[in-house]
Amino acid sequence: MCAQELVLKQRTQILHALCSSGSAEHLEQVLDILFAQGELIWEDYQNIQVPGRALYTNARQLLDLVYTKGVHTCGIFLAALEQVLPEERGDGISFSGCCSELKEKDENQNTSAQTLLTQRPILVSKLQGCIEDALKTLVVSGHFTSADSHEVLVPLYTPSQQARRLLDHVRSKGESAVNVLLQYIQQKQDSGLPLNQEKLSLPKEFIRYQKKLSSSLSAQSCFLSTYGGTSHMSLDDIYTEGQLELAHHCVDVQRPLGLEDIVGAVGTVNEEADTVLVSGEAGSGKSTLLQRLHLLWARGAAFQDFLLLFPFSCRGLYSQQRELSVQELLFQHCCWPDREQEEIFQFIQDHPHLILFTFDGLDELQQSFSDEHRLCCPTQRAPVHILLFNLIQGSLMKGVRKVVTSRPEAVGPVLKKHLRKEVFLKGFSPSGIDCFVRKHHSDPSVAAKVLESLQTNTALLGLCHSPVLCWIVSQCHKELLGCGEGSPQTITDVYLMILQHFLQHQSSTKNTDGFKWLQEHKDTVLHLGQLAFKGIGTSCYVFSGTELETCGVSEKDVSLGFLIQSRDMSFDNSKRYEFLHVTLQCFFAALYIVVSNNTDRSTIQKLFELRYMREAGQSSVCFMACLPSSEKQEFVLGGETTAAETPNLQITATFVSGLLSQRHRSLFIPCCPSTAMEKRSRQVCRCLSKGMQKHFKSIPQPVEGEKKSMHAMPGFVWLIKCIHEMQESQIAKGVMSKLEVDHLKLTYCNIGPIECTALAYVLQHLKNPVGLQLDNNSVGDVGVEQLLPCLHICYSLYLRNNNITDEGICKLIAKGVKCGNFQKIALFNNKLTDACTLHFSHLLKTKQDFLSLRLGNNNITAKGAKQLAEGLKVNHSLQFLGLWGNKIGDAGAEALASALENSKTLVWLSLVGNGVGSTGACALANIIKNCTSLEELWLTENCITRRGVECLVEALAQNTHVKSVWLKNNDLSLEEVEEMTQREPRLVF
Ligand code: ADP
């Protein structure tokens, strides 16, 4: 049969092989090859790759085209297909000798544009991992604008799609742009980066093993588990970039971090260490991020500096009772080499820098990290957690790069010592939420409706920054869009929505009666609740069939979809189950505590003291079986929880608070006597109040003359969140009336939009105004909006380093101008531009009691300074103005000077690092001349020359109030500095 007939006859199989994974990658690779072989022209390509059209339609278009082009093209097409498809996908297709030979095209084509076509497959692969760098080169050379770069870097695209987009874009810019790109790639290659793996001669068995590992990893990671195990969503279709941030501020990174940066050099703090930690709250997307990393590697789309990638889930390792060696761990747990195990393991040991291990969910191990028990021999057997700790600290398999994920609470100082770097995963950005919702709903009109309803419920929008909640909200869009006034406000509301959604999804009789649905499924809820509750107590997240049985969980209960079959290969090949997400396990545990009659009376109290579960779970023999014998003793006796358990207990307690709130009472009345509910609710209130009292008592008495300040201790924000879940303002009022403090410091507390909602809900009931310090969190624009309800009680607001843009400021100021107490704001190191100054100008014009405005290290230029000056001209109160690290230049300084020269209140002005020259300095000298209140002027790190300093000296001669003018690092010679200091001692160089 000729190639053309083969294409026709096998149309269905080919379509399936190309498209069924949901990813366009295979199709695009085939197109690359056809391009390179000269079988496609640009117009063909455009006819096939129609943006927004279904993948299957594009593939059909390609098949039609190659068929009409004849036997030769079909032969090339089949050869391309054979090359591109992984073995298992191409299995059903016969190529039976009809493939034409793919020719190596000469690199030296007549024109660079031709080279771009003939080398397309290899260029796509070379560009991955350095797309941003290549774009930078093109921008610097003037061939690309930043808008061109944005078009390439659309987050929706995979790295290989971005590479193709880049090639297409460069092509449209002409020969000279193409030359720049080709030269860039050449240089990169000459410098040896990225690693040229072809030079390494790999043993044949190793290559076979590599293929086996990558195809099993690709199969494991290409779908996201969704509920019921029935609907599978392709990771390519749904994956949305989360926000990554380095734990240690790194000056060179001015761009958003991408996945590749996790293993890249950026932000490294300890070159000796091999382990990178990705930390984030439950549901922030840590597992999904690793899954994406695995998939990109397995497909050859990224992370190709690593020849082998071994994925581990700590949850999966937990059930491993036997002692293992590293070799056994790798081969038995990840992928078994069919032959030459020793040779392959030797190769791994000899080339550690070409190997990557990932460990998901370190916080789910029973044991806290410790580096006491050292092991260095990879063939020596040890308990799995000891192996893990030794791998992480590098005493085993030194040089192998390891990526570990964990919740932040579970990461202690001992582990931090062994980290190469730490990266925070901060959930979705506002545009990420938008992108996720659009990906989740294939019908754009539904997506638009969901987004619209989120915009009108900002509390819910805040919750959606957490990917797991964004997923729930998208999943339950019908309930969300239909619920009008009852739209969810709290995390408990969102989880109740999913509970109802899942239960009714399967139920044959759709119970439309508002409250009866829970009653109808009470038994299921209790069974799953008991399983979850006991699991939380023993840090057990993977359950055997027997454990399900013990709690009465039936097959029907499982089929509802809250439990899914564990992805991790079990060591004894029996089926194991886990909750769809750990937060869902916490939710069921909370439901059990609220609804069941079988829990101890002191359960709630112990839960809020975070020392509950170790004792509570002890009666369950089957759960005890999860623990190694050495742990059992400790389990029975232990009173304290480990750091790793705390977050789950906290989440459970938060749900208990929410479920026991007055507004959900009617839901539980049919299932549980109302007296019992009321009693439990009172117990929660007492616990919250007691917990807060403990925090308040920790406030030290102020030193005389200083303000009374409270630095939040761990757990404070959690208690605030519990109070918010209850949604009873009397409770919030009661608790807050006892807090007497002038300054509330919540720096580095992981505060995002969700926490802001809770904080504002509670803090608005404070008796006296406070300074609220939220520096170094992830408040963002949505968080700022959430804080507005408590703005009236803030006399100062510190929001340094919080990812805030002009949009957030617009909302903040609109409220701020109406708040009598609001007098100071600090916004150092955010993402502000000139647009924000219009709002501040309005604030200064309107509020004649505003005292301090600090906008350092943003992107404000002369234009912004001029706008600000409009407000300053008519303001009669401002004392402190900080614009350190912006770009206002001479023109900006002149505008500010003319607005401030007659100020009677300004005490402190900083224009450090603003590109101010002598012209600006001479203008600023007028402030010194005329303003009687100024004490300090900061002009360090500018480009002021002798001429400017002369003006300042002359002005100072007429002013006795100014204490110092700071001029370090300007354009003066040493002699000039000496001379000027002698003439005016208040100048500081
Ligand atoms: P974690 O491991 O931090 O607890 P997961 O990775 O399990 O969080 O994420 C929970 C859920 O949130 C996932 O099942 C998925 O539905 C959604 N999710 C998380 N991250 C992403 C992402 N980057 N893109 C799309 N969905 C995501």
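FYI, it's all coordinate maths here, none of it is from the lab. Because the structure is predicted, anything quoted here is derived from the model rather than measured. Positions of Cβ are backbone-derived with ideal geometry, glycine not excepted, and every protein chain shown enters the neighbour counts.
Determine the calculated [θ] at 222 nm for the chain from helices alone, applying -39500 (n - 2.57) to every DSSP H run no shorter than 4 residues and normalising by the residue count; nearest 500 deg cm²/dmol.
Numbers: 51 runs with 500 residues, N = 989.
Value at 222 nm, helices only: -14500 deg cm²/dmol.
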Please sort 174-187, 891-904 by packing, taking for each peptide the average over its residues of neighbouring beta carbons within 10 angstrom, highest first.
-> 891-904, 174-187
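Looking only at the chain, where both bridge partners belong to it, what percent of the DSSP beta bridges are antiparallel (to the nearest 5)? Please list the in-between numbers first.
Numbers: 11 of 64 bridges.
Roughly 15 percent of the beta bridges in the chain run antiparallel, per DSSP.
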Using only the alpha-carbon atoms of the chain, report the extent along each of the three principal axes, biggest first, to the nearest angstrom.
-> 98, 85, 58
Long-range amide H partners of ALA382, meaning residues 5 or more apart or on another chain whose placed amide H is closer than 5 Å, are LEU324, SER325
Residue span GLU272 to GLU740: 0.36 nm per residue of separation minus Cα-Cα distance leaves a gain in nm of 163.7 nm
What's the FRET efficiency of ASP600 with SER554 using the Cβ-Cβ distance as r and R₀ = 22 Å, to the nearest 0.05?
-> 0.25
Dividing the mean separation of Cα pairs under 8 Å (6+ apart) by the residue count of the chain yields a relative contact order in percent of 6
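Tally Lys/Arg at +1 and Asp/Glu at -1 over every other residue whose Cβ is under 14 Å from the Cβ of LEU906; what's the total?
Numbers: positive: ARG854, LYS873, LYS904, LYS929, LYS963; negative: GLU901, GLU935, GLU936.
Local net charge: +2.
Assuming R0 = 51 Å, can you tell me the calculated FRET efficiency for the pair GLN304 and THR675, based on Cβ-Cβ distance, to the nearest 0.05?
Working: r = 64 Å, r/R0 = 1.26.
With R0 = 51 Å, the Cβ-Cβ based efficiency is 0.20.
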Take the Cα of THR111, step 7 Å along the line toward its Cβ, and report every residue of segment 165-187 whose backbone nitrogen sits under 15 Å from that point.
-> 168-180
Along segment 56-66, what does the Karplus equation 6.51 cos²θ - 1.76 cosθ + 1.60 (θ = phi - 60°) give for ³J(HN,Hα), rounded to whole Hz, x for Gly and Pro?
-> 4, 5, 4, 5, 4, 4, 5, 4, 4, 5, 5
How are the Cα pair distances of segment 703-828 distributed, in percent, across 10 Å bins from 0?
-> 14, 49, 33, 5, 0
Measure off 7 Å from each Cα along the Cα-to-Cβ vector at ALA814 and LYS204, then give the distance between these two points in nanometres to one decimal.
-> 7.1
Please list, in chain and number order, the residues 5+ apart from PHE312 or on another chain whose amide H is under 5 Å from its amide H, with Hs placed from the backbone.
-> THR358, PHE359, ASP360
In Hz, Karplus ³J(HN,Hα) per residue of segment 754-759 (6.51, -1.76, 1.60; θ = phi - 60°; x = Gly, Pro) = 4, 5, 4, 4, 5, 4
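Normalised by the residues of segment 695-777, what does the relative contact order come to in percent, with Cα pairs under 8 Å and at least six apart?
Details: 110 pairs, mean separation 28.0, N = 83.
Answer for segment 695-777 is 34 percent.
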LYS575 paired with LYS516, simple spin-label distance in nm, labels 7 Å along Cα-to-beta-carbon = 3.2
For segment 655-712, listing trypsin sites (Lys or Arg not before Pro) in a DSSP loop whose Cβ sees at most 16 other Cβ atoms within 10 Å gives LYS707, LYS708
Taking Cα centroids, how far is segment 283-340 from segment 794-865 in Å?
-> 47
Amide H within-cut-off set for GLY771, under 5 Å, with H built and near neighbours excluded | HIS743, LEU744, TYR795, SER796
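Just order 62-73, 827-838 by mean Cβ neighbour count inside 10 Å, highest at the front, would you? Walk me through the intermediate numbers first.
Details: 62-73: 17.5, 827-838: 21.7.
My ranking of the peptides, most packed first, is 827-838, 62-73.
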Which of VAL779, VAL139 comes first, and how do the rest follow, when ranked by fewest Cβ neighbours within 10 Å?
-> VAL139, VAL779
Mind checking the full-extension length gain between ASN859 and GLU340? Use 0.36 nm per residue of separation minus the Cα-Cα distance, one decimal, nm.
-> 181.0 nm
ILE604 neighbourhood, Cβ < 11 Å, K/R = +1, D/E = -1, net charge +4
May I ask you to derive the relative contact order of segment 873-947, considering only C-alpha pairs under 8 Å and at least 6 residues apart, and to give it as an integer percent?
-> 36
Calc'd 3J(HN,Hα), segment 344-361, phi into Karplus 6.51 cos²θ - 1.76 cosθ + 1.60 (θ = phi - 60°), Hz, glycine/Pro = x, comes to 5, 5, 4, 4, 4, 5, 6, 10, x, 6, 9, 10, 10, 10, 10, 10, 8, x
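Where nothing but the Cβ of Lys and Arg (+1) and of Asp and Glu (-1) is charged, how large is the charge dipole of the chain around its Cα centre, in debye to the nearest 20?
2680
Arrange the peptides 122-128, 373-379, 962-968 so that the one whose residues have, on average, the most other Cβ atoms within 10 Å appears first.
Details: 122-128: 19.6, 373-379: 13.1, 962-968: 17.7.
Going by the mean number of other Cβ atoms within 10 Å, highest first, we get 122-128, 962-968, 373-379.
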Chain lengthening between ASP237 and GLN46 when straightened (0.36 nm per residue, less Cα-Cα) = 66.6 nm
